[in-house]
């Protein structure tokens, strides 16, 4: 009985770790002109086969897709131009089996952790 309980606890813990977002992936966002944003790889490593999803955050938590970009090789500091399609924009970055979620509003970048948004200092 104790052995199976330990296995269940270990399994729940492993699933929890696997479902967490990567804290290694980091982006930087700036608005060079109205209606456009530049999203840059702000980490110190090259991302291979990266995928960036841009969504407009609308009222009541609804989102709509604004764009998707796939990059075979995303160098540190390299920026991708995306539409600034709403006052609040959400980004999802996927690369190498890792995923990270962000939002950007009024010049401030946030890391999305579940339903919470934590401001990222500049």
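Just so you know, all these numbers are worked out from the coordinates, no wet-lab data involved. Note that the coordinates shown come from a computational prediction; the quantities given were computed from them, not determined experimentally. Cβ coordinates were reconstructed from backbone atoms using ideal geometry, including for glycine residues, and neighbour counts include every protein chain displayed.
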Roughly what would the spin-label model give for residue 68 and residue 36, points 7 Å off Cα along C-beta, in nm?
-> 2.4
With each label point set 7 Å from Cα along the Cα-Cβ vector, what nm distance links residue 44 and residue 81?
-> 3.1
Rounded to the nearest Å, the spacing of the alpha-carbon centers of the range 31-63 and the range 74-117 is 4
